[in-house]
Amino acid sequence: MRLGTKLFFIATSLACQVAAHGYVPTIIINGQSIPGWNVNTDGYATPQPLRVVRPTKPDSGFIADPLSGDITCSVGNSKLPPGPITATVAAGGTVSAQWSSWPIGHYGPVLNYLAKCPSTGCSTWKADTGSPWFKIQQSVYANGEWASDTLAKNGAKYDIHIPKNIAAGDYLLRHENLALHGASNLGGAQFYPVCIQLTITGGGSLKPSGLSFPGTYVATDPGIHFNPYMGEAANQAYVPPGGNISTTLQF
Ligand SMILES: [Cu+2]
């Protein structure tokens with residue numbers, strides 16, 4: 001590794017420790033802003049407020065181990081939300097995740113999954129066993145930039161489209177920034193998932209599943225151990241983890 005490159009990597013990892021990465025304090029549905037999880041205040045309030053976004057890491061930091069239980073919903077996997085609350089969206093509608101911020105240069109895709117909650121509801125369900133998840137949307141690389149940079153330049157807002165034909169009910173939406181700026185090294189990828197508790201209305205009869213978190217991601221996956229510093233070539237070479245989006249989903 002050339003000295004310049006080495007210094008660059010040191011600088012990036014320092015930036016990782018001190019800079020705010022981002023969390024999702026607000027979601028937006030049909031123009032209405034709904035409180036998400038504010039890492040600076042919500043975890044410290046007594047009683048803890050009901051939020052549709054599960055608690056995330058207090059430092060808004062990343063998950064490094066894809067086999068960790070935190071990969072499901074950030075620390076939401078070990079710490080269930082304070083109570084039952086969902087945001088309502090129609091099948092075929094849009095949920096926008098408004099991040100507090102997102103750093104330019106944390107190159108990587110944005111990945112989105114749903115899991116249908118059991119009849120007991122989402123708030124008591126960790127979604128970390130079985131294979132309840134399915135991928136609904138991914139953004140990789142377009143117009144000369146990684147999806148993470150597009151998100152950052154779009155005011156840190158990202159729109160997630162809910163399929164038209166899935167069954168109505170309560171779901172967890174797993175929305176994730178996967179930062180690859182250190183991912184040339186095995187174990188260097190950074191995962192920033194958040195889970196949003198939704199009630200999806202209307203829809204059809206489709207009940208997809210098949211993916212598990214933890215389980216679907218492994219450190220050696222070519223979409224997780226990847227050199228993102230290849231410009232347009234990344235667009236050709238990159239295959240995001242988690243597989244394809246089922247063609248049975250309608251948007
Ligand atoms: Cu960082």
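The values are calculated or read from the model by the stated rules, or taken from the named source; none is laboratory data. Computed from a predicted structure; not experimentally measured. Counting neighbours? That spans all protein chains shown, and the Cβs are built from the backbone with ideal geometry, glycine included. Areas reflect the complete protein model, heavy atoms only, side chains present, ligands, DNA and RNA absent. Shrake-Rupley method; radii C 1.70, N 1.55, O 1.52, S 1.80 Å.
Just give me the residues in the stretch 233-251 being without any contact (Cβ under 8 Å) to a residue 40 or more places away in the chain and closer than 20 Å to Arg174 by Cβ, in sequence order.
Quick first cut of the stretch 233-251, residues without any contact (Cβ under 8 Å) to a residue 40 or more places away in the chain only: 233, 236-237, 239, 247.
Once the filter is applied, which keeps residues that are without any contact (Cβ under 8 Å) to a residue 40 or more places away in the chain and closer than 20 Å to Arg174 by Cβ, the stretch 233-251 yields only Val239.
Looking at (1) polar (S, T, N, Q); (2) crowded, with 16+ Cβ neighbours inside 10 Å; (3) at pLDDT 95 or above; (4) more than 17 Å from Ser212 (Cα to Cα), which one does Ser123 not meet, given that it meets all the others?
The one condition Ser123 does not meet is (3).
Of the residues in the stretch 40-52, how many are out of contact with any helix residue (DSSP H, G or I) (no Cβ under 9 Å at 6 or more places or on another chain), modelled with pLDDT of 90 or more and under 22 Å from Leu198 (Cβ atoms)?
Residues that pass the stated criteria total 3.
Residue-wise test of (1) open to solvent by 50 Å² or more (accessible area, probe 1.4 Å); (2) closer than 21 Å to Thr86 by Cα; (3) outside any loop (DSSP other than H, G, I, E, B).
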site	(1), (2), (3)
Tyr158	no, yes, yes
Leu172	no, yes, yes
Ala183	no, no, no
Thr220	yes, no, no
Phe226	no, no, no
Asn235	yes, no, yes
Pro240	no, no, no
Thr247	yes, no, no
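So the check is Cβ under 7 Å with 6+ separation or different chains; which pairs have a first residue in the stretch 41-63 that's on the phi > 0 side of the Ramachandran plot and within 16 Å of the ligand (Cβ to nearest atom) and a second one that's modelled with pLDDT under 85 and open to solvent by less than 20 Å² (accessible area, probe 1.4 Å)?
Close Cβ pairs (under 7 Å, with a partner that is modelled with pLDDT under 85 and open to solvent by less than 20 Å² (accessible area, probe 1.4 Å)) amount to Ser60/His21.
Taking the stated definitions as given, is Pro66 within 27 Å of Asn227 (Cβ to Cβ), in a loop (DSSP other than H, G, I, E, B), modelled with pLDDT of 90 or more and more than 15 Å from the ligand (Cβ to nearest atom)? It would help to see each step written out before you state the result.
Values: within 27 Å of Asn227 (Cβ to Cβ): yes; in a loop (DSSP other than H, G, I, E, B): yes; modelled with pLDDT of 90 or more: yes; more than 15 Å from the ligand (Cβ to nearest atom): yes.
The answer is yes for Pro66.
Restricting to the stretch 160-181, name every residue that is more than 17 Å from the chain's Cα centre (by Cα) and under 22 Å from Gly69 (Cβ atoms).
Asp170
State which residue is nearest to Ile162 (Cα to Cα) when the search covers only the stretch 104-117 and only residues that are in a loop (DSSP other than H, G, I, E, B) and open to solvent by 50 Å² or more (accessible area, probe 1.4 Å).
Of the stretch 104-117, the ones in a loop (DSSP other than H, G, I, E, B) are 104-109, 117.
Filter once more, keeping what is open to solvent by 50 Å² or more (accessible area, probe 1.4 Å): 104, 107.
Details: Ile104: 27, Tyr107: 25 Å.
Result: Tyr107.
Kindly indicate which of Ser148, Ser212, Ser139, Ser184 is more than 24 Å from Gln236 (Cα to Cα) and either among the polar types (S, T, N, Q) or in contact with a strand residue (DSSP E or B) (Cβ under 9 Å, 6 or more places away or on another chain) (or both).
On the way: Ser148 fails: more than 24 Å from Gln236 (Cα to Cα); Ser139 fails: more than 24 Å from Gln236 (Cα to Cα); Ser184 fails: more than 24 Å from Gln236 (Cα to Cα).
The match here is Ser212.
For Leu186, only one of the following conditions fails: (1) within 13 Å of Val24 (Cβ to Cβ); (2) away from the ligand (no atom under 15 Å from the Cβ); (3) aliphatic (A, V, I, L, M). What is its number?
The number of the failed condition is (1).
For the stretch 87-99, indicate whether the set of residues that are free of Cβ contacts under 8 Å to residues at least 40 places away in the same chain, in a strand (DSSP E or B), of a type in the set (A, V, I, L, M) and open to solvent by 10 Å² or more (accessible area, probe 1.4 Å) is non-empty. Spell out the reasoning first.
Kept after step one, since they are free of Cβ contacts under 8 Å to residues at least 40 places away in the same chain, are these residues of the stretch 87-99: none.
Checking the stretch 87-99: not a single residue is free of Cβ contacts under 8 Å to residues at least 40 places away in the same chain, in a strand (DSSP E or B), of a type in the set (A, V, I, L, M) and open to solvent by 10 Å² or more (accessible area, probe 1.4 Å).
Would you confirm whether any residue within the stretch 139-153 is part of a strand (DSSP E or B), open to solvent by less than 10 Å² (accessible area, probe 1.4 Å) and of a type outside the set (Phe, Trp, Tyr)?
No, the stretch 139-153 contains no residue that is part of a strand (DSSP E or B), open to solvent by less than 10 Å² (accessible area, probe 1.4 Å) and of a type outside the set (Phe, Trp, Tyr).
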